[in-house]
Amino acid sequence: DILVDIAFHSVFPDKELEKEKKVVLEEINMYLDSPDDAIQDEFDAYLFPNHPMGNNILGTIESVNSFTQQHFQDFISRNMSTERVVFASIGNVASNKAHQIVEKKLNTVSHKFSDFSQNSISTIIPKPYTITKTIQQAHCMLGNQALSVHHPDKYKLMLLNNILGGP
């Protein structure tokens, strides 16, 4: 009941939105105080300008403050597609029983289709970029367009990434 209600019948009450905005704004401010975290988003913004991949997942102070109930409803209307929804269960539940439960709950959901498409990424042209801050630490990122997950040399690249200090 709760998952179906959240996924398909959210109303985004103004009072709750204002509470959540405050929480996200606090997270943004804490994040800005952590240079070792902020460098990743600065790096992404530099590599992917004018593309969603370059946007901080938290948004900006300006964008968070601008959100209204209508923004969220419009987003769901543009992007929610019942054809792309997947329900999964883990645990001691027989698959036919889980299927019956989900099917019963989804009978109240009308079919929605969205023409969602991903934005393509243009070729990355690496070049030096420096940000100077008045802190006692130095942080460095190195990046370029990588191999496809299907490329036969991807494991060599993963090894190089680890040697250079990546995860």
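Using just the helices of the chain, give the 222 nm mean residue ellipticity in deg cm²/dmol: DSSP H runs with n ≥ 4 each add -39,500 (n - 2.57), and the total is spread over all residues, rounded to 500.
One gets -14000 deg cm²/dmol as the mean residue ellipticity at 222 nm.
Exposed loop chymotrypsin sites (Phe, Trp or Tyr not before Pro) only (DSSP loop, at most 16 other Cβ atoms within 10 Å): please give the longest stretch of the chain free of them, not including the sites. Answer from the scan: 1-86.
Under a model in which nothing but the beta-carbon of Lys, Arg (+1) and Asp, Glu (-1) is charged, the stretch 5-142 shows a dipole of about 500 debye around its Cα centre.
Shown for the stretch 1-153: the carbon plus sulfur share of the solvent-accessible area, taken with all protein chains present and a 1.4 angstrom probe, equals 56%.
Rg and Dmax of the stretch 3-158, based on Cα coordinates, read 21.0, 60 Å. Toward the positive end of the charge dipole of the stretch 1-151, with +1 on the Cβ of Lys and Arg and -1 on the Cβ of Asp and Glu, the farthest Cα among Ile61, Ile76, Ile135 is that of Ile76. Think of the chain as a dipole: +1 on every Lys or Arg Cβ, -1 on every Asp or Glu Cβ, centred on the Cα centre; then among Ser117, Val93, Leu3, Val93 lies furthest on the positive end.
The values are calculated or read from the model by the stated rules, or taken from the named source; none is laboratory data. These numbers come from a predicted model, not from an experiment. Every residue, glycine among them, receives a Cβ derived from its backbone with ideal geometry; neighbour counts consider all protein chains shown. Heads up: the accessible areas ignore ligands, DNA and RNA and are worked out on the full protein's heavy atoms, side chains in. Shrake-Rupley method; radii C 1.70, N 1.55, O 1.52, S 1.80 Å.
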